[in-house]
Every structure is written in C-alpha cells, then in structure tokens.
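Structure first, commentary second.
Each reported figure results from applying straightforward, stated rules to the coordinates on display, with no laboratory input. All figures in this text were calculated on a predicted structure; none of them were measured in a lab. A quick note on method: Cβ atoms are made from the backbone with ideal geometry, for glycine too, and the neighbour counts reach across all protein chains shown.
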Amino acid sequence: MTEYEQERGYWRALYAAAHDLTSTLEPSAVLARLARSAVEALGAKACTLRLLEADGHTLSASASYGLSDGYLRKGSVDVSHSSVDREALSGRTVRLSDVRTDPRFQYPEQAAREGLVSLLCVPLMAHGQAIGILRIYTGAPKSFSPEEVEFLEAIASLGAIAVENARLYERLEQDLNTTCLLYTSPSPRDRQKS
C-alpha cells in the first residue's frame, strides 16, 4: 500500500467515525465502531477502549474489536498496577514494542496467549482531563509511525467527544425528568386543599 493510499484510508476512517458520532447518542455503539475503524485503518490485530470509573482508579472495557471473550474477561484494569495506563491517563501516548516482555504491561501472559505483540495506547481527553484510554494491538512487532499515532489520537478524540455528548445528554434528560416531576406533582398547598 502506498503512503497516499494509507493516508486516504485514515481520512476515510476519520470521516466514518465523525459520521457515526453524529448519528447516535449511544456511546457504546460509537466506541465499538471507532475500535473497528482503528483496527481496519491501521491493519492492526485488535483495539480496546476503556473508560475511567468514577473512583478514578479503575478502567472498564467500553468497546473492543478483535479480542476474544476470554481476554476481555480478565477484568477491569487497576490503574495503580498498570504504568502504561497511568502514563496514558496523564495525557501521554505510550508505545510498547512487545507487551509479552515489557514490565509496564499488566497482563503479559494473557497477551501472549491472545497473540498480541506491539501496543499503542492513547488517552481519551475531555476538557483537559483523561476520561479513558484507547489501545491498539498488533500481532507482530511494529514500530508505529507518527502518522499512525496522529490518526489514533484523532480517533481517541472522537471517542472522548462521543462519551461526553452521551453524558451531557443523560444529565439533560435527568434534569428534564426532575423538572417535569416538580411541575406535575401537587404542591403542599394543593394537597391541603384536597
């Protein structure tokens, strides 16, 4: 594949991701499409997107593509035990040439069984704060190019927007429901008249 064809693939994937972002307020659907787009555009083996729980210490899988159910069932990631994720959550992109041997990777045995080798991990940033991470895995050793890093950072930005839009919509819906309850419930004065 020529460099032009590769860049064209990145643009197509970004366009499709942006289109998906505007088509639904369901973050799981958008994040699943982003994971698939990232794998296909980069010719990678797998992708996972994990969101930071409210406790600020746990990353839970929100979407994935190309990973077995067994690998995904290994559980949530405890940020205190994962230097890769701590680094990504601080706003930096992390590259590992071999997750099977790098001491920064939390589950090297499971990764080896899954056939995962290289990793590119980028933060999902919203309002200057990391809200999660996006990981792309290859099945063979790979050194990611600056263009691939930039592409994955753009995909992560779209993922963060999808999550934030869904959270805002959920809050608006809750506020609307509360307001409706306030206006449809009888006031204490009305209850006394009955």
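Points to keep in mind about this one:
- FRET efficiency, 1/(1 + (r/R0)^6) with R0 25 Å, evaluated for Ser60 and Arg113 via beta carbons: 0.70
- Using a Förster distance of 41 Å, the FRET efficiency for Ser83-Thr184 (Cβ separation, nearest 0.05): 0.20
- Relative contact order of the range 87-186, defined on C-alpha pairs under 8 angstrom at six or more residues apart (%): 23 percent
- Charge tally for Pro141 (other residues, Cβ to Cβ under 15 Å; Lys, Arg +1; Asp, Glu -1): +1.
- In this rough spin-label picture, where each label sits 7 Å from Cα along the Cβ direction, the Ser28-Asp98 distance is 3.8 nm.
- Amide H contacts of Ile131 (H built 1.01 Å from N, under 5 Å, at least 5 apart or other chain): Leu124, Met125, Ala126
- Cα gyration tensor category, rounded, prolate or oblate, for the range 77-169 with a/c compared to 1.5: prolate
- Working from Cα pairs under 8 Å separated by at least six residues, relative contact order for the range 30-122 is 21 percent.
- Inter-centroid distance (Cα atoms) of the range 78-157 relative to the range 29-61, Å: 10 Å
- Sum of side-chain charges, Arg92 neighbourhood, beta-carbon under 13 Å (Lys, Arg +1; Asp, Glu -1): 0
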